[in-house]
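Got a structure for you, questions after.
The values are calculated or read from the model by the stated rules, or taken from the named source; none is laboratory data. Everything numeric in this text was worked out from a predicted model, so none of it was measured. With ideal geometry, Cβ positions are generated from the backbone for all residues, glycine too; neighbour counts draw on all protein chains shown. Just the protein is used for accessible areas: all its heavy atoms, side chains included, with ligands, DNA and RNA removed. Shrake-Rupley method; radii C 1.70, N 1.55, O 1.52, S 1.80 Å.
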Amino acid sequence: MIPSVDLAGGGAMPLVGFGTWQLRGQQAYDAVRAALDAGYRHLDTATMYGNEAEVGRALRDSGVPRGDVFVTTKLQPNAAGRERATIAASLRALGTDYVDLWLVHWPPPSRTMVANWREFLAVRDDGLARSVGVSNYSTAQIDELIAATGEAPVANQIPWSPSQHDERRLADSRERGVVIEGYSPLKGTDLADPVLVDIASAHGVTPAQVVLRWHVQHGIVVIPKSVDPDRIRSNADVASFVLTGDDMAALDALGSATG
Ligand SMILES: NC(=O)c1ccc[n+]([C@@H]2O[C@H](COP(=O)([O-])OP(=O)(O)OC[C@H]3O[C@@H](n4cnc5c(N)ncnc54)[C@H](OP(=O)(O)O)[C@@H]3O)[C@@H](O)[C@H]2O)c1
């Protein structure tokens, strides 16, 4: 069972989700079906990925109730000002009447950033998205949204991995009630790093599982992508072992290594 993190304003997001960037067409459909069969209950897509229809169809065909799955999609870059039309198109493509989380994919130009955020809040208030958040925002940009509206994004989706670990940023985020959702966890990691390989072999798991479990133990959401059914399954298997305090410290230290 994959644990969840509570979101400000209600709801909970499973700490491991299935990433779908670069999955298109039948491959996207098959991968999402495999992910749902493997127990993922959190899917991450985006308008920009061009696969919302396949993600939605795979979810419907899986037989898993819509209410059991946390679905995220995103407003594509340069679409500030077209928020309503974009969420309507996403819901149509996904074949659902709400998403669990709608993210601003990239910060729009600063002159439109607050207006864009107000539209997001209105879309949430209308029930089309249960929660709203951002992606690729700095803490300063999040502070600008809070100062203007009094409402923080529930999540900020940004690159994260042991070698990019930033305690300060994590603490700043938590202080504001913003969950960090890490992307590209495996691409951002040298899976042959001896520190990682040793920890993995001590627990009888793969280096990728160690990376994903490390996120979970930090309360950081992680959304690995794979096209391979075996890797899809093993990436979801993060609840069958526990990293020790020493393991966590050794992995955290990869973030401060130089070179
Ligand atoms: N908000 C944003 O701007 C943003 C940006 C980037 C990504 N994202 C989201 O985050 C998700 C994850 O990031 P990502 O797709 O960039 O990278 P990722 O999940 O870190 O890595 C995916 C790569 O790792 C390989 N892989 C998967 N499982 C593996 C395993 N167990 N062992 C070894 N290799 C493995 C995959 O190959 P195979 O497919 O062949 O298994 C693929 O090449 C995306 O799919 C997307 O949903 C968001």
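Just to check I understand the Karplus step: with θ = phi - 60° and J = 6.51 cos²θ - 1.76 cosθ + 1.60, what whole-Hz values come out for the range 186-198, glycine and proline as x?
With coefficients 6.51, -1.76 and 1.60, one gets 8, 4, x, 10, 8, 5, 9, 4, x, 4, 5, 5, 5 Hz.
May I pose another question? Which far-off residues, 5 or more places away or on another chain, put their amide H under 5 Å from the one on residue 183, with H placed in the peptide plane?
Result for residue 183 returns 158, 160.
Highest GNM mean-square fluctuation, the chain, Cα pairs closer than 10 Å: which of 236, 88, 28?
In this elastic network of the chain, the residue with the biggest mean-square fluctuation among 236, 88, 28 is 88.
What is the sum of charges around residue 95, taking Lys and Arg as +1, Asp and Glu as -1, for the other residues whose C-beta is under 14 Å from the C-beta of residue 95?
Overall, the nearby charge balance is 0.
With bins 10 Å wide starting at 0, give me the P(r) of the range 120-259 over every alpha carbon pair, in whole percents.
Over the range 120-259, the share of Cα pairs per 10 Å bin runs 11, 38, 30, 16, 5, 0 percent.
Around residue 130, which amide H atoms from residues at least 5 apart in sequence, or from another chain, sit under 5 Å from its own amide H, with H modelled in the peptide plane?
For residue 130, whose amide H was placed from the backbone, the distant partners under 5 Å are 99, 100, 101.
Let me ask something additional. I'd like the per residue volume of the convex hull spanned by the Cα atoms of the chain, given in cubic angstrom.
Convex hull volume per residue, Cα atoms: 122 Å³.
Could I ask something else about it? Among 221, 250, 50, whose Cα projects farthest towards the positive end of the dipole of the chain, with charges put on the beta-carbon of Lys, Arg (+1) and Asp, Glu (-1)?
Checked the options; the winner is 50.
Can you list residues from other chains, or at least 5 along the same chain, whose modelled amide H is less than 5 Å from the amide H of residue 17?
Distant-sequence amide H within range of residue 17: 222, 223.
Antiparallel DSSP bridges in the chain: what percent, to the nearest 5?
On the way: 3 of 27 bridges.
Percentage antiparallel, nearest 5: 10.
Once you list every other residue whose beta carbon is under 15 Å from the beta carbon of residue 169, what net charge do they have if Lys and Arg are +1 and Asp and Glu are -1? Write out the running numbers ahead of the final one.
Values: positive: 168, 174, 176; negative: 143, 166, 167, 172, 175, 181, 252.
Taking every other residue near residue 169 into account, the sum is -4.
Around residue 202, what is the net charge, scoring Lys/Arg as +1 and Asp/Glu as -1 over all other residues with Cβ under 11 Å from its Cβ?
Value of the local net charge: -3.
If 163, 226 are ordered by their accessible area, calculated over protein heavy atoms with a 1.4 Å probe, which sequence runs from highest to lowest?
163, 226
Moving on to the next point. How large is the dipole of the chain about the Cα centre if only Lys and Arg carry +1 and Asp and Glu carry -1, each at its Cβ, rounded to the nearest 20 debye?
760 debye
Shifting gears a bit: Run the helix sum for the chain: -39,500 (n - 2.57) per DSSP H stretch of 4+ residues, divided by residue count, reported at 222 nm to the nearest 500 deg cm²/dmol. Walk me through the numbers before you get to the answer.
Numbers: 10 runs with 110 residues, N = 259.
It lands at -13000 deg cm²/dmol.
Kindly sort 234, 4 by accessible area of their heavy atoms, largest first, with the probe set to 1.4 Å.
Per-residue accessible area, sorted high to low, gives 4, 234.
Quick one: 3J(HN,Hα) in Hz for the range 233-240, Karplus 6.51/-1.76/1.60 with θ = phi - 60°, rounded, Gly and Pro as x.
5, 5, 5, 7, 8, 10, 9, 8
Now for a separate question. Using the Karplus curve 6.51 cos²θ - 1.76 cosθ + 1.60 with θ = phi - 60°, what ³J(HN,Hα) values do you get for each residue of the range 157-170, in whole Hz, with x for Gly and Pro?
So the J values, rounded to whole Hz, are 8, 9, x, 7, 5, x, 6, 10, 4, 9, 3, 5, 5, 4.
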